[in-house]
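The values are calculated or read from the model by the stated rules, or taken from the named source; none is laboratory data. For clarity, every value in this text was computed on a predicted model and none was experimentally measured. Because the Cβ atoms are built from the backbone with ideal geometry, glycine has one as well, and the counts that use them run over all protein chains shown.
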Amino acid sequence: MVAADVAEIVRVGGNMGLELNTSKSELIAHQELLVNDSTLQSFMRVTVGDASLLGAPIFHGPVLENTWSDLCEALDRAGDRLCRVSSQDALILLRSCLSAP
């Protein structure tokens, strides 16, 4: 089904003068999945635990653990640094920076 959808994207995109860049395309799948489609085989293979979208982890796994650890370290550093500015400025900075992927 995914292979058929990718083929449709390639076909319709081609009619509009667009080309799918398979070197930048990823196939997120379990290791056990066998892929027979040549287009999908040309995609970079990413395991489910290593998948992220725009820097945000998609599933539980190593990427989530690393991202969580990095965010906790950044928050720890920010807490130390926020003590050096006024409380109102610190609150505004902290509130605007807490959003994370």
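Tabulated values for the structure
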read-out: Some residue of segment 2-22 being of a type outside the set (Asp, Glu), under 30 Å from residue 70 (Cα atoms) and modelled with pLDDT of 90 or more; value: no
read-out: Inter-residue pairs, beta-carbon under 9 Å, first in contact (Cβ under 8 Å) with a residue 24 or more places away in the chain and in segment 86-97, second outside any helix (DSSP H, G or I), 6+ apart; value: none
read-out: Number of the exception - residue 55 against (1) out of contact with any strand residue (DSSP E or B) (no Cβ under 8 Å at 6 or more places or on another chain); (2) farther than 28 Å from residue 94 by Cβ; value: (2)
read-out: Residues of segment 30-45 satisfying the condition of being within 17 Å of the chain's Cα centre (by Cα) and at pLDDT below 90; value: 30
read-out: Failed condition for residue 39, given (1) part of a loop (DSSP other than H, G, I, E, B); (2) surrounded by 11 or more Cβ atoms within 10 Å (Cβ to Cβ); value: (1)
read-out: Cβ-Cβ under 9 Å pairs, at least 6 apart or on other chains, segment 58-70 side touching a residue at least 12 places away in the same chain (Cβ under 8 Å) and in a loop (DSSP other than H, G, I, E, B), far side small (Gly, Ala, Ser) and surrounded by 12 or more Cβ atoms within 10 Å (Cβ to Cβ); value: 58/51; 58/52; 61/49; 61/51
read-out: Residues of segment 45-57 satisfying the condition of being touching a residue at least 12 places away in the same chain (Cβ under 8 Å) and exposed (fewer than 13 other Cβ atoms within 10 Å of the Cβ); value: 54, 55, 56
read-out: Residue that is farthest from residue 47 (Cα to Cα) [pool: residues in segment 5-36 that are touching a Leu at 6+ places or on another chain (Cβ under 7 Å) and in a helix (DSSP H, G or I)]; value: 13
